[in-house]
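Reviewing the structure listed below.
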Amino acid sequence: METALLRSFSSIIPESPISLTHFLAATVLIIVVLCFTFRPKSTYLIDFTCYLPPESLRIAKESYIEHIEMSKLYDKETYSFQVKVLERSGIGEESCMPIALHELPPHSSLHAARKETEMVLFSVIKDLLSKHKINPKSIDILVSNCSLFCPTPSITSMVINKFGFRSNIKSVNLSGMGCSAGILSISLAKDLLKVHQNSLALVLSMEAVTPNGYMGTKKSMLLPNLLFRMGGAAILLSSRKRDKRTAKYELQHIVRTHIGSDDEAYRSVFQQLDEAGHVGVSLSRALIPVATKALRTNISKLGPLVLPYSEQLRYVWSIIHKKVLLLPSQKKIYAPNFKRALQHFCIHAGGRAVIDGIVDSLRLDKEDGEASRMTLHRFGNTSSSSIWYELCYLEAKGRMKKGNQVCQIAFGSGFKCNSAIWKCISDIDPTERNAWSDRTYLYPVEEVPK
């Protein structure tokens, strides 16, 4: 047998004292080395922390409505519109506003915006680093995102100055990216960790509410005032192999979708001046259809990465029936069941309509949107950090088990839809202190009908 194999390899093996056995062993060794060298580098999520505002910053609906009334800026129609939106928003009595917005009139100065940013980010960074006994100088990469507050020096510089990070830290400050910026920051950090191996990355996600209050009367621009609340999160990532033992999650996939080439999508969330010269962010009536379109595009890319082949085949077969064979019995194209691959969903808490729309589009059960609805109820729309409050909720409820996969879905201006898939690689302790620990027993709550 060996003689026959030697003849077949005679054209590629020069005459030498090397035996076939040695040649095959060397070939296998080379393949193993190449596979090890070029295999995808893992990104581990060691831990994350969400900001829990002090109770003194709570703003109940009645207090908010009283502020609107006492401001004397609005006519009866505009006042009634705001009250109606608040009552149907899905936001409860415990969401918080920064101290400057509790004043009458609201005090939205640059100094107040800095104070809010420092209050949120310094708190979550301190909690996260002290919890894991990490020296700030061991952080190699720092990425922050805050869409509408972009001071000079930058937010990353504020953090570096406060905690004394190294002078050679790789820092990036993202702005103008909307509520989907949290996943964009993770994506950027992941790419940087691939280049700078065996490194630690700290990702910061927040939106400053103080400088972005709209003082006009245009209804589409009043909506952000009514929905957004203060919050933020710090996420610690690693590309070091030794951190796999202590990490909570491993990043599986990130899918980014940008449909800004469409004018309607581009202008669906748009910062502008109103007729009176007041600056604000307008949310157009096309927002929900645009978000649905972006989600559909994103899911079409995510599906092949996570769905079992049986679901993919059913989807393809339904397309063939409807568009190729033109069978009248095939009324709709089959919507894949993502619950066959994913156990949990963290949907950006942009509002009740956003959450309900995604739940319906993905054929999810009401329980799959619970983390999003309860985050909206307790914390309001905290922009890019909302998906982390939702993951925090799942952990506090003891629902996240080792081996589970969770999908984070976020939307942002531009218009963008981004998704991230994480795999739980450790046993999560539901009694561990987090932003939900003091209220876990109170949730879920019954929602007020629309």
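The values are calculated or read from the model by the stated rules, or taken from the named source; none is laboratory data. This one's a predicted model, so the numbers in the text were calculated from it and none came from an experiment. Positions of Cβ are generated from backbone atoms using ideal geometry, with glycine treated the same way; all protein chains shown enter the neighbour counts. These accessible areas exclude ligands, DNA and RNA; they are computed on the full protein's heavy atoms, side chains included. Shrake-Rupley method; radii C 1.70, N 1.55, O 1.52, S 1.80 Å.
Remarks
- Candidate set: segment 129-155, residues that are among the hydroxyl-bearing types (S, T, Y) and touching a residue at least 40 places away in the same chain (Cβ under 8 Å); chosen: the one least open to solvent (accessible area, probe 1.4 Å): S144
- Failed condition for E118, given (1) outside any loop (DSSP other than H, G, I, E, B); (2) at pLDDT below 95; (3) open to solvent by 40 Å² or more (accessible area, probe 1.4 Å); (4) not aliphatic (A, V, I, L, M): (2)
- Residue count, segment 349-379 (criterion: modelled with pLDDT under 95 and touching a Cys at 6+ places or on another chain (Cβ under 8 Å)): 1
- Unmet criterion (only one of (1) surrounded by fewer than 22 Cβ atoms within 10 Å (Cβ to Cβ); (2) at pLDDT 95 or above; (3) touching a strand residue (DSSP E or B) at 6+ places or on another chain (Cβ under 8 Å)) for Y266: (3)
- Within segment 305-313, none of the residues are open to solvent by 60 Å² or more (accessible area, probe 1.4 Å) and acidic (D, E).
- Only residues that are over 22 Å from L52 (Cβ atoms) and among the charged types (D, E, K, R) were counted in segment 84-143, giving 6.
- Qualifying residue in segment 163-176 (condition: open to solvent by less than 20 Å² (accessible area, probe 1.4 Å), touching a helix residue (DSSP H, G or I) at 6+ places or on another chain (Cβ under 6 Å), in contact (Cβ under 8 Å) with a residue 12 or more places away in the chain and not polar (S, T, N, Q)): yes
- Within segment 378-412, the set of residues being part of a loop (DSSP other than H, G, I, E, B), out of contact with any strand residue (DSSP E or B) (no Cβ under 8 Å at 6 or more places or on another chain) and not small (G, A, S) comprises just one member, K397.
- Of all residues in segment 378-403, those being surrounded by fewer than 17 Cβ atoms within 10 Å (Cβ to Cβ) and more than 11 Å from K248 (Cβ to Cβ) number 4.
- Candidate set: segment 367-377, residues that are within 19 Å of N337 (Cα to Cα) and out of contact with any helix residue (DSSP H, G or I) (no Cβ under 7 Å at 6 or more places or on another chain); chosen: the one least open to solvent (accessible area, probe 1.4 Å): E370
- Qualifying residue in segment 413-427 (condition: in contact with a Pro (Cβ under 9 Å, 6 or more places away or on another chain), at pLDDT 95 or above, surrounded by 24 or more Cβ atoms within 10 Å (Cβ to Cβ) and not in a loop (DSSP other than H, G, I, E, B)): no
- T292 vs. criteria closer than 30 Å to N212 by Cα, polar (S, T, N, Q) and at pLDDT 95 or above: no
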